[in-house]
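Participant: I have a structure I would like to understand better, so I am pasting it below and will then ask my questions one at a time.
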Amino acid sequence: MYYRPAPTALVGSASRRKIRHATARHPDTLLTVRPREFELKPGMSISPPLSPLPGTTLQVSRLCLGTALLGVRQSESEAHRLLDAYLDLGGNFIDTARVYSDWVPNESGRAERILGDWMRDRPGVRSRIVLATKGLHPPLSAPHQSRVNLREARRDIEASLRALRCECVELYWLHRDDPAVPVEEIVEFMQGFIREGKIRYLGASNWSMNRLAAANAYANRHGFAPFIANQILFHAGCWTLPPARDPSMTRIDLDYHRWHSRSGLSLVPYSTQAQGFFSRPCVGVPTATATNMQLVPLLNSLARTHRVSVNAVVLGYALRQPFPVFPVIGPNTPEQLADSWTALGMQWDLSELTAINEANGSGLTS
């Protein structure tokens, strides 16, 4: 069985059946995509039901819009049009981070600033979205330097709120952990920001299973706000990947998956489409394990059966888990966004999910 959230209210107008594309450069072909309109594909809803985010009073879209490359692979005006397209499709869950786009010269916090400008220019939009941001990432110039302490948390939270032009965010992720800092200390110093009204809920990003479980056990024993969601790497081919070049990044494994199934904690994973690997498989990249190369024909077969792209199948796999999953997607264009949206309309047979789990080295039984 996989998690099936109870549907709630619809967002936007279901009568809108066309979305206007922005002019953008496709990152793979470097060809210009001209403005045009496209019809929604079969099974694609422009206003899908929102789902409860367990442990909160929030209602969110199943697909969360990631902003790590917002304004990097497109102009700022094109980034705004991408955000508009997400809202028009019924999306309301947007994920960013203080460190996003810091690799762009001469500007830190660029992604948050672009997102803040977009909300400023569209009165009323802020009240329609669930906004998540992250802090406490090490400096990019010193990746092993821990910033997991109260002073740095305040610095990042207040800088994020200024850039986003708002007084509070619904969800605040601790972007990295520091195992040298007791989880009790972290849980306690983050409570102050909830009391101050700067954040509503806490999330853990790139934490180990044991640290996250210990933090929530402590919070629950002492009446503190726990982490209500987890953000780590997860996709259909993540099970056989080699160790990450960045050891501070965490991905799901069989034990972590089983823990999510037992605890029911929501997963808001990144890289859920394997950065497009399965639609353009090539050797020489970390995802190109022998197991994943053998998985490609099965995913292509499922794509033909469901009349969707391979990327949509990979995203659909992430959605069909026995616990709440709200995948983060990172489209660069409205076309890519619309393609991801088709995953929401897929009607899976249990045998299809079983076939993927038998082929991808996960050890899961459906």
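The values are calculated or read from the model by the stated rules, or taken from the named source; none is laboratory data. Bear in mind the structure is a predicted one, so any value in this text is a computation, not a measurement. Here the Cβ is made from the backbone with ideal geometry for all residues, glycine too, and neighbour counts use every protein chain on show.
Participant: Give the residues of the stretch 194-211 that are free of Cβ contacts under 8 Å to residues at least 40 places away in the same chain and closer than 15 Å to Val268 by Cβ, sorted by residue number.
Facilitator: Residues satisfying the conditions are Leu202, Ala204.
Participant: Now, a different point. Looking at the stretch 176-183, is at least one residue surrounded by 14 or more Cβ atoms within 10 Å (Cβ to Cβ), at pLDDT 95 or above, farther than 30 Å from Ala355 by Cβ and in contact with a Gly (Cβ under 6 Å, 6 or more places away or on another chain)?
Facilitator: Scanning the stretch 176-183 turns up no residue that is surrounded by 14 or more Cβ atoms within 10 Å (Cβ to Cβ), at pLDDT 95 or above, farther than 30 Å from Ala355 by Cβ and in contact with a Gly (Cβ under 6 Å, 6 or more places away or on another chain).
Participant: Give the stretch 122-149 a look and list any residue that's more than 26 Å from Glu188 (Cβ to Cβ) and buried (at least 21 other Cβ atoms within 10 Å of the Cβ), or say none.
Facilitator: Passing the criteria: only Ile129.
Residues checked against (1) buried (at least 16 other Cβ atoms within 10 Å of the Cβ); (2) under 20 Å from Tyr172 (Cα atoms); (3) modelled with pLDDT of 95 or more:
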position	(1), (2), (3)
Trp239	yes, no, yes
Arg245	no, no, no
Met249	no, yes, yes
Ser266	yes, yes, yes
Ala274	yes, no, yes
Thr289	yes, no, yes
Asn292	yes, no, yes
Val296	yes, no, yes
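Participant: Pick from Asn220, Asn230: which is of a type in the set (S, T, N, Q), at pLDDT 95 or above and more than 28 Å from Ala359 (Cα to Cα)?
Facilitator: So the residue among Asn220, Asn230 that is of a type in the set (S, T, N, Q), at pLDDT 95 or above and more than 28 Å from Ala359 (Cα to Cα) is Asn220.
Participant: Could you tell me which residue of the stretch 187-223 is farthest from the chain's Cα centre (by Cα), considering only residues that are on the phi < 0 side of the Ramachandran plot and in a loop (DSSP other than H, G, I, E, B)?
Facilitator: Glu196
Let's see how each residue does on (1) under 18 Å from the mean Cα position of the chain (by Cα); (2) in a loop (DSSP other than H, G, I, E, B):
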site: Asp102; (1), (2): no, yes
site: Glu107; (1), (2): no, yes
site: Asp117; (1), (2): no, no
site: Arg122; (1), (2): no, yes
site: Thr133; (1), (2): yes, no
site: Ala142; (1), (2): no, yes
site: Gln145; (1), (2): no, yes
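Participant: A further question on this structure: Quick one: in the stretch 312-366, which of the residues that are touching a Ser or Thr at 6+ places or on another chain (Cβ under 6 Å) and of a type in the set (Gly, Ala, Ser) is farthest from Met293 (Cα to Cα)?
Facilitator: Going through the qualifying residues, I end up with Ser366.
Participant: So which of Glu158, Glu184, Glu170, Glu152 is acidic (Asp, Glu), part of a helix (DSSP H, G or I) and in contact with a Leu (Cβ under 8 Å, 6 or more places away or on another chain)?
Facilitator: Being acidic (Asp, Glu), part of a helix (DSSP H, G or I) and in contact with a Leu (Cβ under 8 Å, 6 or more places away or on another chain) holds for just one of Glu158, Glu184, Glu170, Glu152, which is Glu152.
Participant: Follow-up. Search the stretch 237-249 for residues that are in contact (Cβ under 8 Å) with a residue 60 or more places away in the chain and pair each with any residue that is among the hydroxyl-bearing types (Ser, Thr, Tyr) when their beta-carbon atoms are under 7 Å apart and the residues are at least 6 apart or on different chains.
Facilitator: Final answer for the pair search is Gly237/Thr287; Trp239/Ser362; Thr240/Thr289; Thr240/Thr291.
Participant: For the stretch 301-366, which helices (runs of 4 or more DSSP H) that fit wholly inside it have 1 or more residues that are of a type in the set (D, E, K, R) and either without any contact (Cβ under 8 Å) to a residue 60 or more places away in the chain or under 29 Å from Asn92 (Cβ atoms) (or both)?
Facilitator: Fully inside the stretch 301-366 and qualifying: 334-341, 350-359.
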